[in-house]
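For reference, the structure discussed in these notes is given below.
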Amino acid sequence: GQQVMQIPQYQHVQEGEDFTTYCNSSTTLSNIQWYKQRPGGHPVFLIQLVKSGEVKKQKRLTFQFGEAKKNSSLHITATQTTDVGTYFCAGSGSARQLTFGSGTQLTVLP
Amino acid sequence: DAGVIQSPRHEVTEMGQEVTLRCKPISGHNSLFWYRQTMMRGLELLIYFNNNVPIDDSGMPEDRFSAKMPNASFSTLKIQPSEPRDSAVYFCASSPPGAFNQKLFFGSGTQLSVL
């Protein structure tokens, strides 16, 4: 079945440093979504990427979808303490359901 | 607008007891998903419904788990009998109609502890 791998599992950064998490799929994806889960909270949708090579920005967050539609990345510029949480990618292939990556837990040290 | 509503928020029960988790999706959404989250296994899809019909239940761990969606505004996930390894956070999520792979709106989850 479809597998979605995400690295790193944990990342500690000083406030103001950049952060990147990477997502890789064993199969070609029709689209990829990114979610953020604050500690003790529930996943919240951030963005969806559909096109090969697509790049989208949300303020300090930059999302990329690979040319082969098998990988994706999320980059945060100049992290803030409000960025703390776990970031999940979720991909779908031919089926409707999403397969979530294992997540990257981000800690931002003040 | 109200989001996805789950109840209870916390459930503590003893091994062997029946547990029922409830979910009210966002009005107008026609797909509903049950996920389980643990440290070891992350977010796992248990089952999803489309227009109240179960489409894929391959993620349901075993026969002790069952899910129903009697109407568009209500779903239950039942565990009978419960076991300590079922302890996890159970999330319900819904998504709107349209092109497939719409974004998911998650409820606040039910933290289940089976002693």
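The values are calculated or read from the model by the stated rules, or taken from the named source; none is laboratory data. Just so we're clear, the structure is a prediction, and the values are computed from it rather than from any experiment. Because the Cβ atoms are built from the backbone with ideal geometry, glycine has one as well, and the counts that use them run over all protein chains shown. Keep in mind that these areas ignore ligands, DNA and RNA; they rest on the heavy atoms of the full protein, side chains included. Shrake-Rupley method; radii C 1.70, N 1.55, O 1.52, S 1.80 Å.
If you go through the stretch B:101-112 and pick out every residue that is in a strand (DSSP E or B) and either without any contact (Cβ under 8 Å) to a residue 24 or more places away in the chain or open to solvent by 40 Å² or more (accessible area, probe 1.4 Å) (or both), you end up with 2. The residue pairs whose first member lies in the stretch B:69-94 and is farther than 13 Å from B:E11 by Cα, whose second member is at pLDDT below 95 and open to solvent by 60 Å² or more (accessible area, probe 1.4 Å), and whose beta carbons are closer than 6 Å, counting only pairs six or more residues apart or on different chains, do not exist in this structure. Number of residues in the stretch B:14-32 that are buried (at least 17 other Cβ atoms within 10 Å of the Cβ) and closer than 18 Å to B:A88 by Cβ equals 3. Taken over the stretch B:81-100, the criterion of being in a loop (DSSP other than H, G, I, E, B) and touching a Gly at 6+ places or on another chain (Cβ under 9 Å) is satisfied by B:P81, B:S82, B:E83, B:P96, B:P97.
Residue pairs whose Cβ atoms lie under 9 Å apart, sitting 6 or more positions apart in sequence or on different chains, and linking a residue in the stretch A:34-46 that is in contact (Cβ under 8 Å) with a residue 40 or more places away in the chain and facing chain B (nearest Cβ under 8 Å) to a partner that is in a loop (DSSP other than H, G, I, E, B) and among the acidic types (D, E), do not occur here.
Do the conditions hold for B:S94, that is, is it open to solvent by 30 Å² or more (accessible area, probe 1.4 Å), within 14 Å of chain A (Cβ to nearest Cβ) and touching a strand residue (DSSP E or B) at 6+ places or on another chain (Cβ under 8 Å)? Criteria not met by B:S94.
Note on the stretch A:71-107: residues that are more than 8 Å from chain B (Cβ to nearest Cβ), modelled with pLDDT under 95 and open to solvent by 50 Å² or more (accessible area, probe 1.4 Å) amount to 1. Taking each residue of the stretch B:51-62 that is β-branched (V, I, T) and looking for partners that are in a strand (DSSP E or B) with beta-carbon atoms closer than 7 Å, six or more apart or interchain, yields B:I55/B:Y48; B:I55/B:F49.
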